[in-house]
Amino acid sequence: MQKIQLLDQKTINKIAAGEVVESPKSVVKELTENAMDAGASTVTVEIKEGGISYIRVTDNGCGIPKEQVKEAFLRHATSKLSQIEDLEHLYTMGFRGEALASIAAVSQVEMTTRTKDEETGTRIEISAGEVKSFQDVACTEGTTVIVRNLFYNVPARRKFLKKPATESGYVSDLMNKLALGHPELSFRYINNGSTMLHTAGNGDAKASVFYVYGKEAATSMMEISFERGDYRLSGLIGKPELSRGNRNYENLFINGRFIKNRIVSSAVENAYKTRIMIGKFPVYVLNLEVDAAQVDVNVHPAKLEVRFKNDDEVYDFFYDAISSAFQDQVLIPRSSWEK
Ligand code: ADP
Ligand code: MG
């Protein structure tokens, strides 16, 4: 056995980056979440070669003041939380202060940013965690991050990347989910020079479904709105005949964050149970707004999961919400919606 020693910061960053940055999709996810946290109303995502060689995310959010730009790339540097108790009332997507540090540890990053109070913006280039340049630059308000050559310095990880077409498919899925969950934001997604998605950002949830799943789905969804205690649910659920052969169309957002949760999906599926065939799954886009103290979002670095304070309460809430949506529907003549 070799002597125990403390790892240097660069090695720590590379190892930790593995948890946050798995693929081009996770880079896009982190950067778009930062854009949303910055209060952006438009977000443009461009990728080339599946995002392996090039990812650009541009937002019109608040920007980062010049004197804080380098800090933003330090591990555990965040403007969103200062003590653990803040998690109890945190509604931002980020809070771990890891994304930019992680991304910069395993790629070549260029950021251009300007706040509304600054006359000139800032441009920083970082490769493998090292600042290569830092200068003033003329630019519009907001932030653009370009990530080149993901995992160029981590061959073991690079090997695990899939073909560009597969990686861009994952990014497309993510963009679709973002569009579904955030109709209030205008997303533009460009893959190898072609615009794949461009949403209006006017807050119309059905329009988002139309963009992402097409006309048939959009006309077969019904609106739902349900409130009880600390939980408020809104969104769209598919009529039973819209059901699909897998769970990919089950979209749950908790306080704006896309979440996979077994309790919620089984509650919803059970509420659908007598209405759809065995082996079929519902289509839905549900947004749960809940007091931050009721959910722990700090379960995994990728933040795809949450832990609820009270699982049974959540199960009953979703089961009742969906069931009552169907009951309300029955009041309308069946022929008008069961087509
Ligand atoms: P986190 O989002 O968890 O705080 P990040 O590493 O993603 O950590 O970002 C670090 C900090 O950099 C953020 O807290 C925020 O202050 C700033 N930042 C990152 N991206 C943007 C952006 N697009 N616009 C404005 N500020 C940003
Ligand atoms: Mg972040």
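When segment 158-182 is limited to residues that are among the basic types (K, R) and not in a helix (DSSP H, G or I), the one that is modelled with the lowest pLDDT turns out to be K159. Between Y152, Y213, which is over 23 Å from E33 (Cα atoms) and aromatic (F, W, Y)? Selected residue: Y152, the only one of Y152, Y213 that is over 23 Å from E33 (Cα atoms) and aromatic (F, W, Y). For segment 78-100, a residue qualifies if it is more than 6 Å from ligand 1 (Cβ to nearest atom) and either surrounded by fewer than 21 Cβ atoms within 10 Å (Cβ to Cβ) or small (G, A, S) (or both), and the qualifying residues are L81, S82, Q83, I84, E85, D86, L87, E88, H89, L90, Y91, T92.
Step by step: first the residues of segment 128-157, then only those that are modelled with pLDDT of 95 or more and crowded, with 19+ Cβ neighbours inside 10 Å, then the one that is nearest to ligand 1 (Cβ to nearest atom). Which residue is that? Checked segment 128-157; the qualifying residue nearest to ligand 1 (Cβ to nearest atom) is T143. Where strands (runs of 3 or more DSSP E) fall wholly inside segment 226-330, no range has 2 or more residues that are closer than 26 Å to N34 by Cβ, among the hydroxyl-bearing types (S, T, Y) and without any contact (Cβ under 8 Å) to a residue 24 or more places away in the chain.
For every residue, the table says whether it meets (1) over 20 Å from the mean Cα position of the chain (by Cα); (2) surrounded by fewer than 22 Cβ atoms within 10 Å (Cβ to Cβ); (3) within 15 Å of ligand 2 (Cβ to nearest atom).
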site: G50; (1), (2), (3): no, no, no
site: Y54; (1), (2), (3): no, yes, no
site: K70; (1), (2), (3): yes, yes, no
site: A104; (1), (2), (3): no, no, yes
site: R114; (1), (2), (3): yes, no, no
site: I126; (1), (2), (3): yes, no, no
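Of all residues in segment 27-47, one or more are free of Cβ contacts under 8 Å to residues at least 40 places away in the same chain, in a loop (DSSP other than H, G, I, E, B) and not aromatic (F, W, Y).
The values are calculated or read from the model by the stated rules, or taken from the named source; none is laboratory data. These numbers come from a predicted model, not from an experiment. Don't worry about glycine lacking a Cβ; one is built from the backbone with ideal geometry, like all the others, and counts go over all protein chains shown.
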